[in-house]
Amino acid sequence: MTDYDSIVIGTGQAGPALARRLAGSGMQVAIIERGRFGGTCVNTGCTPTKTLVASAYAAHVARRGADYGFATGGDVRVDMKRVKARKDYVAGLSNRGVERSLKSLENSRVYEGHARFVSPREVQVGTEILRSDRIFINVGGRAAVPEIPGLDQVEYLTNSTMMDVDFLPRHLLVLGGSYIGLEFGQMYRRFGSEVTIVEIGPRLIPREDADVSEAVAGFLGREGLTIRLGAKCLGVSKRGDEIVMRLDCREGAAEIRGSHLLIATGRRPNTDDLGLERAGVKTDSRDFIVVDNELRTNVPGIWALGDCNGRGAFTHTSWNDFEIVAANLLDGDHRRVSDRIPAYALYTDPPLGRAGMTEAEVRKSGRRALVGKIAMEDVSRAFEKGETEGFMKILVDTDTKEILGASFLGTSGDEAIHCVLDAMYAKAPYTVLQRAMHIHPTVSEFIPTILGDLAPLREPASQRSAAA
Ligand SMILES: Cc1cc2nc3c(=O)[nH]c(=O)nc-3n(C[C@H](O)[C@H](O)[C@H](O)COP(=O)(O)OP(=O)(O)OC[C@H]3O[C@@H](n4cnc5c(N)ncnc54)[C@H](O)[C@@H]3O)c2cc1C
């Protein structure tokens with residue numbers, strides 16, 4: 001048995017940074033990784049997908065050459081081997097960077113293998129038992145594969161296996177019309193595949209406001225993706241070299257066919273084979289590790305950070321978890337999960353930048369609110385770029401004047417949203433942003449304009465007429 005001051009399980013977004021801080025404070029740290037260093041974001045999530053999105057965007061712009069006044073000299077064809085090589089190069093840099101930095105970290109040792117608790121203070125890796133009074137779990141998650149009749153009889157792809165694709169699927173069926181499914185769907189359509197998205201709900205990305213879902217469905221449809229809403233997958237089977245999906249739906253064909261199938265129906269935490277029961281660490285009904293506001297589990301001396309605690313599902317939430325734990329443990333700075341404001345992006349083109357509450361959440365909260373919205377068609381920067389899909393919407397509390405939330409669906413929406421997000425962190429009244437002088441021509445210059453033209457958030461027309 002080897003004793004350590006701290007053990008970090010998993011090298012996702014929180015683990016490596018925390019290991020560096022702990023080792024830097026003089027502690028002896030064991031770091032355990034069973035797969036690829038850097039975890040999901042670096043190897044099968046953000047970095048590779050956004051690199052692929054960039055290739056898809058370039059192909060899209062090249063095809064629109066005539067709109068900008070140039071010709072490409074023929075059809076734009078994508079070489080998937082080169083697209084994959086570019087993705088591998090970019091992701092590989094990050095992966096090797098994390099590995100190198102951890103293996104050269106002073107006061108620490110890296111163990112490569114699957115970690116399992118054998119007691120609240122002991123973790124087994126291979127044949128070794130490591131002991132510590134402080135154990136940090138950063139094991140992340142993986143694609144959740146639903147139980148669908150026939151799925152075990154066909155070859156299907158997940159976000160992980162999509163990383164090995166170096167060919168163009170003739171027709172990609174995507175099961176799941178949310179963030180991951182839409183990013184892959186649009187990207188493969190732009191690479192040249194036929195794409196059908198199958199979503200069980202009545203609209204895409206159901207967590208977003210209906211106007212966002214409609215706008216996203218609109219521009220994806222105009223790019224030639226087929227979107228099947230309210231369609232429940234009843235089963236899949238192989239017919240010749242095709243995958244056949246049977247659907248329970250009110251509209252459209254009850255059977256669709258494609259050459260490949262991507263399952264994008266959500267994520268599940270990697271907590272099932274971690275020996276948590278031997279440590280007495282509690283999980284919830286969806287297998288996420290239960291943590292308090294400072295990311296402590298129910299067992300003293302064990303913390304859970306990142307996707308495995310169910311308090312966030314993003315690289316920045318995992319990184320923020322690291323900051324919270326490090327601040328509380330090493331800096332005497334009392335930071336909590338509840339201090340953060342929900343924020344994320346969807347990397348379709350145009351992207352969706354989100355901060356705070358949706359309009360639906362504001363309505364549900366029952367507070368008096370104001371709303372401002374502008375179409376990207378009316379944003380000069382978007383018009384100049386020839387990228388006018390989407391809109392920007394901001395919600396404000398009528399009484400406190402604080403910004404409650406925003407959805408920026410449009411070119412640079414993923415960047416411009418930070419103006420609003422930072423004002424929310426500053427708890428500044430919206431009038432501060434309204435009076436700010438922003439740079440022309442930018443997407444952000446219209447934030448003061450939107451805030452200068454707020455109107456009361458009224459009940460939806462359907463509810464007004466029902467009440468009347
Ligand atoms: C396709 C896709 C696109 C995404 N795009 C974005 C995006 O654009 N922006 C964004 O913010 N987020 C995005 N995400 C989410 C983001 O990748 C994750 O939220 C992020 O990686 C946080 O992960 P983590 O720190 O919890 O752990 P992870 O990155 O999942 O890492 C966990 C690590 O723990 C290791 N591990 C697991 N179990 C054990 C064990 N028992 N023993 C030893 N090691 C173990 C794993 O091998 C892995 O390396 C995306 C995700 C996907 C799937």
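Separation of the alpha carbons by more than 19 angstrom is noted, of LYS50/LYS103; LYS232/LYS364; LYS364/LYS393; LYS373/LYS401; LYS401/LYS427; LYS50/LYS84, for LYS50/LYS103; LYS232/LYS364. What a 1.4 Å probe finds exposed on region 352-468 is 52% carbon and sulfur by accessible area, rounded to a whole percent. Rounded to the nearest 20, the Cβ-based charge dipole of the chain about its Cα centre (Lys and Arg +1, Asp and Glu -1) stands at 200 debye.
Test of understanding: given the chain, find the longest segment containing no chymotrypsin sites (Phe, Trp or Tyr not before Pro) that are in a DSSP loop and have at most 15 other Cβ atoms within 10 Å. The reported range is 168-468.
What size of dipole, in debye to the nearest 20, comes out for region 268-356 about its Cα centre when the only charges are +1 on Lys and Arg C-beta atoms and -1 on Asp and Glu C-beta atoms?
Computed about the Cα centre, the dipole is about 180 debye.
A straight line joining the Cα centroids of region 331-410 and region 9-26 runs 32 Å. Highest mean packing first, where packing is the average number of other Cβ atoms within 10 Å per residue, the peptides 42-50, 448-456 line up as 42-50, 448-456.
Solvent-accessible surface of region 73-115, averaged per residue with a 1.4 angstrom probe and all protein chains in place: 65 square angstrom. Here region 222-288 is treated with +1 on each Lys and Arg Cβ and -1 on each Asp and Glu Cβ, and its dipole about the Cα centre works out to around 160 debye. Per-residue ellipticity at 222 nm computed for the chain from its helices equals -9000 deg cm²/dmol, with DSSP H segments shorter than 4 residues left out and the rest contributing -39,500 (n - 2.57).
Of all beta bridges that DSSP places with both ends in the chain, some 60 percent have antiparallel geometry. The residue among SER193, VAL98, TYR4 whose Cα reaches farthest toward the positive pole of the charge dipole of the chain, with charges on the beta-carbon of Lys, Arg, Asp and Glu, is SER193.
Remark: region 300-455 carries 44 Å² of accessible area per residue (probe radius 1.4 Å; ligands, DNA and RNA excluded).
When the solvent-accessible area of region 1-136 is split by element, carbon and sulfur atoms take up 48 percent of it, the probe being 1.4 Å.
The values are calculated or read from the model by the stated rules, or taken from the named source; none is laboratory data. Just so it is clear, the model here is predicted, and its values are computed rather than measured. Cβ coordinates were reconstructed from backbone atoms using ideal geometry, including for glycine residues, and neighbour counts include every protein chain displayed. Surface accessibility is based on the protein's heavy atoms, side chains included, excluding ligands, DNA and RNA. Shrake-Rupley method; radii C 1.70, N 1.55, O 1.52, S 1.80 Å.
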